[in-house]
1. Of Leu92, Leu131, Leu110, which is farthest towards the positive pole of the range 73-155's charge dipole, taken about the Cα centre with +1 and -1 on the beta-carbons of Lys, Arg and Asp, Glu respectively?
2. Under 8 Å for C-alpha pairs, at least 6 residues apart: give me the relative contact order for the range 11-206, rounded to a whole percent.
3. Mind ranking 18-24, 34-40 by how tightly packed they are, going by the mean number of other C-beta atoms within 10 angstrom, highest first?
4. Run a plain Debye calculation on the range 11-206 (Cα atoms as equal point scatterers, no solvent) and give log10 I(q)/I(0) at q = 0.08, 0.12, 0.15 Å⁻¹, rounded to two decimals, same order as the q list.
5. How much length is gained if the chain between Asp191 and Ser106 is pulled fully straight, taking 0.36 nm per residue apart and subtracting their Cα-Cα distance, in nm to one decimal?
6. Tell me, what is the FRET efficiency for Ala74 and Val198 to the nearest 0.05, using R0 = 41 angstrom and their Cβ-Cβ distance as r?
7. Can you list the equivalent-ellipsoid semi-axes of the range 82-183, largest first and in whole Å, using the square root of 5 times each Cα gyration tensor eigenvalue?
8. With +1 on the Cβ of every Lys and Arg and -1 on the Cβ of every Asp and Glu, and nothing else charged, how large is the dipole of the range 11-206 about its Cα centre, in debye rounded to the nearest 20?
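Every number here is computed from the coordinates shown, using simple stated rules; none is lab data. Predicted model, so just to flag it, every value in this text is computed and none were measured. All Cβ positions, even for glycine, are placed from backbone atoms using ideal geometry, and neighbour counts span all protein chains on display.
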Amino acid sequence: MTVNREQAPLKVVLTDVNAQVVQAWRAAFADTPGIEIRKGSILDEKTDAWVSPTNARGRMDGGVDAAVKRYLGAGIQLRVQRAIRDEFAGSLPVGSAVCVPSGAVSPRFLISTPTMEQSSQNVSETLNVALACAAAFQAVHRQNEREPGSIRSVALVGMGARTGRVPARVCANLMWTGHTLFHDHRFEDYDDLRRTIVAQLDDLENAPQETRVRIAPPERSAGRR
């Protein structure tokens, strides 16, 4: 389904304490409008939603997840795990996400999307970052469908760049790929999202690291940029 472009544009903040990730973002997103990039902690961002890379079980025991849990309180993990149990039978596949109320004024919502199945798993040789980033924006679409205008701004960190050991440039390029889908397409479900991304990126390992890949929605032919 194509995106309704008459909706208010989403403010997207990319923030990380890792200077290499920030530099890589500036290169990958240089020609992308509506993006704010800065070096710093996501905990300082006053946006409607934060995106936290997690694991399949929603155990917030490492990396950004642990910092978010300390900031929002232990109850946030319970809400994330309850949503995973209710929507995904207890295990959140890579390329899926849950969006839960944070219990705070800012952010109002926490979007949890797994970059790995288990805590501290090396995902540097996978497409997990693109899948996770795309799933996070799909979660924004779904939340705004349920409650129009509830998420007008969202902050993301460098997905997989810390515990997942994804190189900064690869992380940035895969996140750019995931972000382009937000403007191009809203998928009917996460299975459709995963199938589309994997089908079009399955030969990415043969491309140069600096290559950015734009995913074509299913109704259009695949294309590269």
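1. Leu110
2. Relative CO of the range 11-206 lands at 26 percent.
3. Working: 18-24: 17.9, 34-40: 14.6.
For the peptides 18-24, 34-40, the packing ranking is 18-24, 34-40.
4. The calculated log intensity ratios at q = 0.08, 0.12, 0.15 Å⁻¹ are -0.21, -0.50, -0.82.
5. Extra length from Asp191 to Ser106 when fully extended: 27.6 nm.
6. On the way: r = 35 Å, r/R0 = 0.85.
Plugging the Cβ-Cβ distance into 1/(1 + (r/R0)^6) gives 0.75.
7. Values: eigenvalues 102, 53, 29 Å².
In descending order, the three semi-axes are 23, 16, 12 Å.
8. Magnitude of the dipole: close to 740 debye.
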